[in-house]
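The values are calculated or read from the model by the stated rules, or taken from the named source; none is laboratory data. Worth saying up front: this structure is predicted, and the values here are computed from it rather than measured. Every residue, glycine as well, gets a Cβ built from its backbone with ideal geometry; the counts of neighbours run over all protein chains shown.
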Amino acid sequence: MQDKYKNSTVYQIYVKSFCDSNGDGIGDLNGIRSKLGYIHSLGVKYIWVTPFFCSPMADNGYDVSDYRNVNPMFGTMQDCEAMIAEADALGMGFMFDMVFNHTSDEHEWFRKALTGDPEYMDYYIFRDNPPEWTSIFGGPAWEYVPSLGKYYLHLFDPKQPDLNWDNPKVREELKDVVRFWKSKGVKGFRFDVLNRVSKPGNLTSLPPGNAGAYCKDGPHIHEYIQELVRDTGIGEMITVGEMASTTLEQCIKYSNPSGSELSMCFNFHHLKVDYKDGGKWTLMPPDLHELRQIFTTWQEGMNAAGGWQALFWCNHDQPRIVSRFGDEGQYWKESAKMLGTFIHMLRGTPYIYQGEELGMTNAHFRSIDDYRDVEALNYYRIMRDNGTSEADALAILGAKSRDNGRTPMQWTAGHEAGFTSGTSWLSIPDNYMSINVEAEENDPGSILNYYRELVRLRENYPVISEGSVKFIDTGNDKVLGYERALGSQRLVVLCNFSGSDETVSGVDIKGKVLIGNWSGSHRMMKPYEALVILEG
Ligand code: GLC
Ligand code: CA
């Protein structure tokens, strides 16, 4: 397998909210260029940047209308080329985000399909009598086109028609897109909802249900991924597939050590431990017992089979982790550092989502008018229609909406948190006055400086980047612990996921403290304490 990135960390940028260079309130590529020095200072080697290609922005760029051009809202092709070259000069590589499960309905392929051109209709999934399926963003998954007398499938928004990967021409087109960006010097790729692209063969005979549940890890998925990787020659690059609702067995194949598929996968089981009865639009504290079980199964299972995981708490689809599994109040700093430690000492490749390294919190919006995300707006309507009160619906969005992770990066305590000289497209939480890059640069004990140390440790200690992993029984459900081992070195990681003092029993800890967020006594874990001990 391509080992070169094993001791690296990836930084994720959500372009629209990272840095605005021209005062229109929208982050852009030149904004990214102006902050490459900052990103470099974190010690990361790769930067995953969310889609900035031409798009009507129905799903903030995950609805692409032209894969080979830059959305003018974000800049130009020259800006993009300069951005790639400047990162390269600093020893960092970009991973671009390929949204290949669907296009925008404004893509020329779909426009041609809508005219009834059979060649392009076969790029998508049109049916006469489709089953009653609901889409992932809420509402029906099949949209009727009166002029054609047919329905098309969209797992997400109606403005995101699903591509027909069973058509070899579609697969060729997509390979060409990968080759195009590869030739521009991109160092890796993230593939959006990749395990949903191979659809079940008998679509129309399936019963009513959730389209997402039917379309995952489909019959030809491994074949299609292998073909894509082989024919574009990206087997040696860093690649990550977003794999929704998948299994350990599938992810072992997706990230198999032979390099015939991808370097690694994202999966989301650990981010559903606060879903009551599996439902996202509910409120529940995280189930720590389940969290421990999920990490044990995935970490040890991937380790045993040689698979590789992308490690993360945050991305542009998730609420902020400090607000979610940590504590925004009294233990803000401690809990943010503990959560970072837990992820960064695991086996796999850690991803830092912009602002996570500052301990950025949820948005704390007060009104539905503050929200912008299509999913949040749809589910607000659905909840209200089902009789949920306004206050309850807003409380749920306040905890679960994707907009929580999309508020602008907090650079300074100045105007609009230093994100724009104009007015930001999405409001910024008031805490930017204290939670911002400038303030944390000046504090040696800041979350930002702690994250830098986590990145540095992975680079310097092979036991972290390559060691085996095993979860340990700490005798306390609130304290998660694991061991990493390589040769004679052994690392013990203990993380208290609660705001109270907790005792640990039966854990053999001797050695030196490699990193921690309290000057702990080793016997009593302080609130949200993280302790990493190196032996050997
Ligand atoms: C992925 C993206 C998300 C997007 C969806 C549809 O889950 O991360 O932002 O809405 O795919 O493309
Ligand atoms: Ca801008």
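Can you confirm whether Asp105 is over 30 Å from Met345 (Cα atoms) and either in contact (Cβ under 8 Å) with a residue 12 or more places away in the chain or within 14 Å of ligand 2 (Cβ to nearest atom) (or both)? Answer is yes for this residue.
Condition (residue is within 16 Å of ligand 1 (Cβ to nearest atom) and within 30 Å of Tyr46 (Cβ to Cβ)) applied to region 324-339: is it met by at least one residue? No, region 324-339 contains no residue that is within 16 Å of ligand 1 (Cβ to nearest atom) and within 30 Å of Tyr46 (Cβ to Cβ).
For region 52-96, residues that are among the acidic types (Asp, Glu), within 29 Å of Tyr5 (Cα to Cα) and either crowded, with 23+ Cβ neighbours inside 10 Å or within 16 Å of ligand 2 (Cβ to nearest atom) (or both) total 1.
Applying the condition of being exposed (fewer than 13 other Cβ atoms within 10 Å of the Cβ) and under 30 Å from Gln78 (Cα atoms) to region 181-235 and asking which residue is nearest to ligand 2 (Cβ to nearest atom) yields Ser183.
If you go through region 276-289 and keep only what is in contact with a helix residue (DSSP H, G or I) (Cβ under 9 Å, 6 or more places away or on another chain) and surrounded by fewer than 16 Cβ atoms within 10 Å (Cβ to Cβ), you end up with Lys280, Thr282, Leu283.
Can Gln309 be described as more than 30 Å from Ala485 (Cα to Cα) and within 16 Å of the chain's Cα centre (by Cα)? When the stated conditions are applied, Gln309 does not pass them.
Within region 164-204, the residues that satisfy the criterion of being in contact (Cβ under 8 Å) with a residue 60 or more places away in the chain and of a type in the set (Gly, Ala, Ser) are Gly185, Gly188. Can you find, within region 376-420, the residue that is surrounded by the most Cβ atoms within 10 Å (Cβ to Cβ) among those that are within 16 Å of ligand 2 (Cβ to nearest atom) and part of a helix (DSSP H, G or I)? Across region 376-420, the extreme among qualifying residues is Ala417. Exactly one residue out of Gly188, Gly218, Gly233, Gly241 is touching a Lys or Arg at 6+ places or on another chain (Cβ under 7 Å), of a type in the set (Gly, Ala, Ser) and at pLDDT 95 or above, and it is Gly218.
Among residues of region 304-326 that are on the phi > 0 side of the Ramachandran plot and away from ligand 2 (no atom under 16 Å from the Cβ), those with a beta-carbon under 8 Å from a residue that is part of a helix (DSSP H, G or I) and of a type outside the set (Lys, Arg) at least six positions away or on a different chain give the pairs Gly306/Ile252. Checked against the criterion of being under 30 Å from Ile26 (Cβ atoms) and of a type in the set (Asp, Glu), the candidates Glu441, Glu483 yield just one match: Glu441. Here is a check on your reading of the model: is Ile47 hydrophobic (A, V, I, L, M, F, W, C) and part of a loop (DSSP other than H, G, I, E, B)? Answer is no for this residue. In region 25-51, of all residues being under 19 Å from the mean Cα position of the chain (by Cα) and either within 15 Å of ligand 2 (Cβ to nearest atom) or within 22 Å of Ala417 (Cβ to Cβ) (or both), the one that is surrounded by the most Cβ atoms within 10 Å (Cβ to Cβ) corresponds to Gly27. When each of Cys19, Cys54 is tested for being touching a strand residue (DSSP E or B) at 6+ places or on another chain (Cβ under 6 Å) and modelled with pLDDT of 95 or more, the lone residue that passes is Cys54. Just one of the listed residues (Tyr67, Tyr120) is touching a helix residue (DSSP H, G or I) at 6+ places or on another chain (Cβ under 6 Å) and either away from ligand 1 (no atom under 16 Å from the Cβ) or more than 30 Å from Thr420 (Cβ to Cβ) (or both), namely Tyr120. Pairs are defined by a Cβ separation below 9 Å, a sequence spacing of at least 6 or placement on different chains, a first member in region 16-42 that is closer than 19 Å to Ser55 by Cα and in a loop (DSSP other than H, G, I, E, B), and a second member that is among the β-branched types (Val, Ile, Thr) and within 9 Å of ligand 2 (Cβ to nearest atom); the pairs so defined are Asp20/Ile26; Asp20/Thr420; Asp24/Thr420; Gly25/Thr420; Ile26/Thr420; Gly27/Thr420. For beta carbons closer than 7 Å, sequence separation of 6+ or different chains, a first residue in region 58-79 that is more than 26 Å from Val170 (Cα to Cα) and a second that is within 16 Å of ligand 1 (Cβ to nearest atom) and at pLDDT 95 or above, the qualifying pairs are Phe74/Val15; Phe74/Phe52.
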